[in-house]
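Here is the structure we will look at, set down as structure tokens.
Computed from the coordinates by the stated procedures, all read-outs in this text should not be read as laboratory data. Please read these numbers as outputs of a predicted model, since none were measured by experiment. Here the Cβ positions follow ideal geometry from the backbone for every residue, glycine too, while neighbour counts run over all protein chains shown.
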Amino acid sequence: MKKLAVYPGSFDPITNGHLDIIERAAALFDMVIVAILNNSSKNSLFTVAERKAQIAQLIKKFKNVKVDSFDGLLADYMAKTKANACVRGLRAVTDLEYEFSLANINQKLNPKMETIFFMPSEENTYLSSSVVKEVYSFGGELKQSVPPLIDKALKKKFKN
Ligand code: PNS
């Protein structure tokens, strides 16, 4: 039976840290769906359509990775897609509390749902979309932390 993983998140924007996790998950699962949360209450920099297009470009090199978006509960999306596991990245110990509570709530909502944590490589340990956005918003750049197309998109967004 094919093993399907869902990698959910905001991906606003996707960073090299996310791509690191995607690569690790793609090596272990038959199929990985990168699932963007469509959250209208969250103030996002990029629209879901923009994020979907960015991710679609970046995952072209993986034969077994797809991008999708979802509304509502992740536990329901997991059941709908019949995914075997939810993949999340665990960077430093500071992620632990939030990730454990998320996994625990999801387990209550959908007892069949497993959450699997992947550790990124060291250079991506302190990388987050929020830090990236803050740096670019002040005119800085983090070319080592985001793919070139995201670097370009961030510069364009903050120029406007
Ligand atoms: O990249 P993020 O913002 O840390 O991802 C968080 C995400 C999207 C995985 C989480 O907010 C989520 O699953 N939201 C969907 C709503 C939900 O299922 N909430 C219940 C768990 S508290």
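Near Leu19: Cβ cut-off under 13 Å, other residues only, Lys/Arg at +1 and Asp/Glu at -1. The net charge is 0.
Centre-to-centre, using Cα atoms only, region 77-105 and region 127-151 are separated by 24 Å. Residues whose amide H falls under 5 Å from that of Gly89, counting only those 5 or more places apart or on a different chain, are Phe118, with hydrogens built in the peptide plane.
Using a cutoff of 8 angstrom between alpha carbon atoms and counting only pairs six or more residues apart, the relative contact order for the chain works out to 28 percent.
Charge dipole (Cα centre; +1 on Lys/Arg Cβ, -1 on Asp/Glu Cβ; no other charges) of region 4-124 amounts to roughly 440 debye.
Shown for Val32, Val65, Val93: other C-beta atoms within 10 Å of each C-beta, ranked fewest to most, produce the order Val93, Val65, Val32.
Could you state the angle between the C-alpha long axis of helix 148-159 and the longest principal axis of the C-alpha atoms of the chain, as a value from 0 to 90 degrees rounded to the nearest 10? In the chain, helix 148-159 runs at an angle near 60 degrees to the longest axis. Helix 16-28 and the longest principal axis of the Cα set of the chain meet at an angle near 30°.
Dividing the mean sequence gap of close Cα pairs (under 8 Å, 6+ apart) by how many residues region 1-74 holds gives a relative contact order of 37 percent.
Pairs from the table (Lys42/Lys156; Lys42/Lys63; Lys52/Lys152; Lys66/Lys108; Lys82/Lys152) lying more than 25 angstrom apart at Cα are Lys42/Lys63; Lys66/Lys108; Lys82/Lys152. Per the Debye calculation on region 4-124 with a single equal scatterer at every Cα and no solvent contribution, log₁₀ I(q)/I(0) for q = 0.16, 0.23 Å⁻¹ amounts to -0.75, -1.58. Per-residue Karplus couplings for region 77-90, computed as 6.51 cos²θ - 1.76 cosθ + 1.60 with θ equal to phi - 60°, are listed in order as 5, 4, 5, 4, 7, 6, 6, 7, 8, 9, 9, 9, x, 10 Hz, Gly and Pro entered as x.
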